[in-house]
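J.: This is the structure, below, for whatever I ask next.
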Amino acid sequence: MGKLSVKNVSCTFQKKEDGSETEALENVSFEVKDGEFVCILGPSGCGKTTLLRIAAGLETLSSGEILLNGEKITGPDPKRGMVFQQYSLFPWRTVIENITFGLEMQKIEKTEAQKRAEKYLELVGLEQFKDSYPHELSGGMQQRAAIARAFANEPEVLFMDEPFGALDAQTRNVLQDELLKIWAQKHVTFLFVTHSVDEAVFLSDRIVVMSARPGRVKEIINVELPRPRSRTSPEANRLRDHVLKLLEEERFQKR
Ligand SMILES: Nc1ncnc2c1ncn2[C@@H]1O[C@H](COP(=O)(O)OP(=O)(O)O)[C@@H](O)[C@H]1O
Ligand SMILES: [Mg+2]
């Protein structure tokens, strides 16, 4: 049994106005093992965000189930963290207050929350900016803060929805490296959505490639490249080539 089991998940949205339906996900199944880094890759609109939102307990599925440690997911839980594409920090709170806020909501005592927030800010290299406000930080720094906030809750599973999608290519590479460093230190299971083939090949143990909408699992690929990885090795290029061909096939599917 996996840490996280996605079992025959389908999701159809119904428009209130006219009752018309959008089938976002159709019978999606896969497993994520404990401590594994799994990327979901697929064309725009294939239901990646919907799947993560269901797993995070923010959206309801039409049929199927998602299990964490064998237990059905029914709502949000601090055991499951989420990082979104938009930085989603509270603009009126300083960086450290953004982190301690969630911890205090969980009834973690103030000095402990402060200590923990500082530890994770150091881990992402933001200790000097703990008293800054989000608008005083670059996009990359804001996303670092969002990552520190997610880790500070010490979740078992982290869901990330294109967290680096809004960043420039160099910052994105730096943050990918840093994420892998933290992952090596902390025992966390990752389900990471991206539309970047490069990112999926660089980060993941396995890639779940999805079809165009309604999203289905098209292929699951084991990424057996040694870590630390080279972004440009012939093996990485071969894998990228294969994945790009899969996505290319989906471009011409009309449903
Ligand atoms: N709350 C919602 N209500 C209605 N339709 C939705 C809702 N959320 C997503 N959709 C539709 O479901 C499909 C999948 O969306 P999404 O999960 O955002 O795809 P992706 O993240 O892969 O780009 C799209 O057609 C989108 O318009
Ligand atoms: Mg999305």
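J.: Where residues in the stretch 43-61 are surrounded by 15 or more Cβ atoms within 10 Å (Cβ to Cβ) and among the hydroxyl-bearing types (Ser, Thr, Tyr), which of them is nearest to Glu23 (Cα to Cα)?
T.: Checking each candidate, the answer is Thr50.
J.: Taking the stretch 28-42, which residues are within 15 Å of ligand 1 (Cβ to nearest atom) and either within 11 Å of Arg206 (Cα to Cα) or surrounded by fewer than 24 Cβ atoms within 10 Å (Cβ to Cβ) (or both)? So that I can check it myself, show each step before the final result.
T.: First pass over the stretch 28-42, keeping only residues within 15 Å of ligand 1 (Cβ to nearest atom): 28, 39-42.
Cys39, Ile40, Leu41 - these are the residues of the stretch 28-42 that are within 15 Å of ligand 1 (Cβ to nearest atom) and either within 11 Å of Arg206 (Cα to Cα) or surrounded by fewer than 24 Cβ atoms within 10 Å (Cβ to Cβ) (or both).
J.: Now, a different point. Every residue in the stretch 62-86 that is surrounded by 14 or more Cβ atoms within 10 Å (Cβ to Cβ) and over 18 Å from Leu191 (Cα atoms), please.
T.: Listed by number, the residues that qualify are Ser62, Gly64.
J.: For the list (1) outside any strand (DSSP E or B); (2) in contact with a strand residue (DSSP E or B) (Cβ under 7 Å, 6 or more places away or on another chain), I need the number of the one condition that Arg238 fails.
T.: Single failed check for Arg238: (2).
Rundown of residues vs (1) more than 16 Å from ligand 1 (Cβ to nearest atom); (2) assigned to a loop (DSSP other than H, G, I, E, B), yes/no style:
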| site | (1), (2) |
| --- | --- |
| Leu51 | no, no |
| Leu89 | yes, yes |
| Phe101 | yes, no |
| Tyr120 | yes, no |
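J.: One residue is enough: does the stretch 180-191 have a residue meeting the conditions within 12 Å of the chain's Cα centre (by Cα), of a type in the set (Phe, Trp, Tyr), within 14 Å of ligand 2 (Cβ to nearest atom) and at pLDDT 95 or above?
T.: No, because not a single residue in the stretch 180-191 is within 12 Å of the chain's Cα centre (by Cα), of a type in the set (Phe, Trp, Tyr), within 14 Å of ligand 2 (Cβ to nearest atom) and at pLDDT 95 or above.
J.: Checking the structure you have, find out if any residue of the stretch 18-27 is part of a strand (DSSP E or B), crowded, with 22+ Cβ neighbours inside 10 Å, within 16 Å of ligand 2 (Cβ to nearest atom) and in the same structural domain as Ala200 (by TED's automatic domain parsing).
T.: In the first step, residues of the stretch 18-27 are kept if they are part of a strand (DSSP E or B); the result is 21-27.
This time we only want the ones that are crowded, with 22+ Cβ neighbours inside 10 Å, so: 24-25.
Okay, now just the ones that are also within 16 Å of ligand 2 (Cβ to nearest atom), so 24-25.
Adding the requirement that they be in the same structural domain as Ala200 (by TED's automatic domain parsing) leaves 24-25.
Yes, the stretch 18-27 has at least one match.
J.: Hey, another quick one. State all residues of the stretch 151-205 that are acidic (Asp, Glu) and more than 16 Å from ligand 1 (Cβ to nearest atom); if no residue qualifies, say none. Spell out the reasoning first.
T.: So the first thing to find is which residues in the stretch 151-205 are acidic (Asp, Glu), and the list is 154, 156, 161-162, 168, 177-178, 198-199, 205.
Listed by number, the residues that qualify are Glu154, Glu156, Asp168, Asp177, Glu178, Asp198, Asp205.
J.: Let me ask something else about it. For the condition in the same structural domain as Leu244 (by TED's automatic domain parsing) and within 16 Å of ligand 2 (Cβ to nearest atom), what is the one hit in Thr49, Thr12? Reasoning before the result, please.
T.: Numbers: Thr12 fails: within 16 Å of ligand 2 (Cβ to nearest atom).
Matching residue, one of Thr49, Thr12: Thr49.
J.: Exactly one of these conditions fails for Glu224: (1) in a helix (DSSP H, G or I); (2) out of contact with any helix residue (DSSP H, G or I) (no Cβ under 6 Å at 6 or more places or on another chain); (3) farther than 26 Å from Ala148 by Cβ. Give me its number.
T.: (1)
J.: Could you figure out which of (1) outside the structural domain of Arg93 (by TED's automatic domain parsing); (2) surrounded by fewer than 22 Cβ atoms within 10 Å (Cβ to Cβ); (3) among the aliphatic types (A, V, I, L, M); (4) in contact with a helix residue (DSSP H, G or I) (Cβ under 7 Å, 6 or more places away or on another chain) isn't true of Val188?
T.: With respect to (1) outside the structural domain of Arg93 (by TED's automatic domain parsing); (2) surrounded by fewer than 22 Cβ atoms within 10 Å (Cβ to Cβ); (3) among the aliphatic types (A, V, I, L, M); (4) in contact with a helix residue (DSSP H, G or I) (Cβ under 7 Å, 6 or more places away or on another chain), Val188 is out only on (4).
J.: Looking at (1) closer than 23 Å to Gly64 by Cβ; (2) within 15 Å of ligand 2 (Cβ to nearest atom), which is the only condition His195 fails?
T.: Result: His195 fails condition (1) only.
J.: Glu65: in the same structural domain as Val188 (by TED's automatic domain parsing), closer than 22 Å to Leu246 by Cα, modelled with pLDDT of 95 or more and part of a strand (DSSP E or B), yes or no?
T.: On the way: in the same structural domain as Val188 (by TED's automatic domain parsing): yes; closer than 22 Å to Leu246 by Cα: no; modelled with pLDDT of 95 or more: yes; part of a strand (DSSP E or B): yes.
No.
J.: Another question, then. Would you check which residues across the stretch 191-225 are charged (D, E, K, R) and either outside the structural domain of Arg172 (by TED's automatic domain parsing) or out of contact with any strand residue (DSSP E or B) (no Cβ under 9 Å at 6 or more places or on another chain) (or both) and list them?
T.: Of the residues in the stretch 191-225, the ones charged (D, E, K, R) are 198-199, 205-206, 213, 216, 218-219, 224.
Asp198, Glu224 - these are the residues of the stretch 191-225 that are charged (D, E, K, R) and either outside the structural domain of Arg172 (by TED's automatic domain parsing) or out of contact with any strand residue (DSSP E or B) (no Cβ under 9 Å at 6 or more places or on another chain) (or both).
J.: Now for a separate question. Any residue in the stretch 152-163 that is assigned to a loop (DSSP other than H, G, I, E, B) sitting within a Cβ distance under 8 Å of a residue that is among the basic types (Lys, Arg) and at pLDDT below 95? List the pairs, counting only those 6 or more apart or interchain.
T.: Glu154/Lys186; Pro155/Lys79; Pro155/Arg80; Glu156/Lys79; Glu156/Arg80
The values are calculated or read from the model by the stated rules, or taken from the named source; none is laboratory data. Quick caveat, the model's predicted, so the values are computed rather than measured. Cβ sites come from the backbone with ideal geometry, for glycine too, and all protein chains shown count toward neighbours.
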